Amino acid sequence: MPCFKQPTHFQSLLLLQWPLSYLAIVFILQPLFIYLLFTSLWPLPVLYFAWFFLDRKTPDQGGRRSGWVRNLCIWTHLRDYFPITILKTKDLSPEHNYIVGVHPHGLLTFGPFCNFCTEATGFSKIFPGITPHLATLSWFFRIPFVREYLMAKGVCSVSQPAIDYLLSHGTGNLVGIVVGGVGEALQSVPNTTTLILQKRKGFVRTALQHGAHLVPTFTFGETEVYDQVQFHKDSWMYKFQSSFRRIFGFYFCVFYGRGFCQGSYGLLPYSLPIVTVVGEPLPLPKIEKPSQEMVDKYHALYMDALCKLFDQHKTQCGCSETQKLIFL
């Protein structure tokens with residue numbers, strides 16, 4: 001049985017604040033703004049929604065990152081709870097652009113969020129001259145207020161126009177793509193290293209079109225911080241999860257961690273180390289219309305590089321010597 005450190009009350013509130021802040025915005029702040037339309041304060045929501053319309057293209061044009069938000073002290077508490085660290089194996093030159101494969105998805109992607117969307121682990125000092133962006137579902141940027149929060153942290157849309165913009169405007173841009181997507185969230189259970197990657201080749205084609213370097217990463221510990229209830233594919237709950245994904249774009253996962261009291265269950269993640277290992281960049285030629293054979297070639301090279309990265313660091317990051325990556 002792993003030994004978990006007891007979180008402080010402040011850390012516990014912060015860990016719950018991050019995922020629940022989205023729910024608060026959606027179910028509290030937005031209904032409040034709609035309510036204000038029918039009061040004497042109606043100009044406030046009208047002005048915001050006018051701004052929302054005029055600013056609708058910003059998420060696809062580099063966003064609007066805020067150094068102040070990325071450096072908030074609350075992210076250091078998030079970092080220290082697990083703790084979360086980032087390990088560099090090779091330098092990244094500011095003269096190139098990069099597509100980073102983020103593996104695995106996990107349930108709430110604590111590691112990639114802390115390492116790429118905040119400065120808590122010192123990304124700018126570790127990779128000077130590199131501007132990180134973590135791509136997420138496009139529909140998040142259609143939600144008032146959520147979009148502002150995400151853009152401030154450097155999160156971008158995973159849409160093709162957004163990624164094309166970042167990779168074609170200057171150098172030193174890094175776009176992190178969770179290649180396995182939301183489908184990989186259902187595979188997120190402790191002691192497993194299953195990645196949805198074999199047929200996910202769009203990121204390789206995009207990298208070739210822009211001549212961007214591919215960078216494999218693996219976040220050890222990401223799937224260990226929660227237990228997940230998995231359902232049989234013939235069960236009504238699994239069918240509900242699939243229907244939920246078709247409607248909302250992501251799965252309704254049933255998971256649990258620890259509670260506020262020692263030995264209890266709750267929504268807090270287990271305080272286990274999370275380490276994001278950033279591998280060596282794989283240079284790609286710039287080909288405007290790459291053939292399928294060319295895409296397959298570099299996709300295979302990427303998978304090999306990811307396996308080598310995992311094997312080189314698995315024992316020091318808590319995995320057994322016999323653990324292997326499984327590709328679906």
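Tabulated data for the structure shown
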{"quantity": "Yes/no for LYS125 being of a type in the set (D, E, K, R), surrounded by fewer than 21 Cβ atoms within 10 Å (Cβ to Cβ) and closer than 29 Å to ASP80 by Cα", "calculated": "yes"}
{"quantity": "Members of the range 131-167 found to be farther than 23 Å from GLY180 by Cβ and in contact with a strand residue (DSSP E or B) (Cβ under 8 Å, 6 or more places away or on another chain), listed by number", "calculated": "THR131"}
{"quantity": "Listing of strands (runs of 3 or more DSSP E) fully contained in the range 177-259 that carry 3 or more residues being surrounded by 14 or more Cβ atoms within 10 Å (Cβ to Cβ)", "calculated": "213-220, 254-258"}
{"quantity": "Hits in the range 109-160 - residues which are polar (S, T, N, Q), assigned to a strand (DSSP E or B) and under 13 Å from the mean Cα position of the chain (by Cα)", "calculated": "THR136, SER157"}
{"quantity": "Any pair with Cβ under 6 angstrom, 6 or more apart, that starts in the range 173-189 at a residue that is under 17 Å from PHE252 (Cβ atoms) and ends at one that is open to solvent by 20 Å² or more (accessible area, probe 1.4 Å) and of a type in the set (Val, Ile, Thr)", "calculated": "GLY183/ILE196; GLU184/ILE196; GLN187/THR194"}
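The values are calculated or read from the model by the stated rules, or taken from the named source; none is laboratory data. Quantities reported herein were computed from a predicted structural model and do not represent experimental measurements. Here the Cβ is made from the backbone with ideal geometry for all residues, glycine too, and neighbour counts use every protein chain on show. Each accessible area value is taken on the protein alone, full model and side chains, heavy atoms only, with ligands, DNA and RNA left out. Shrake-Rupley method; radii C 1.70, N 1.55, O 1.52, S 1.80 Å.
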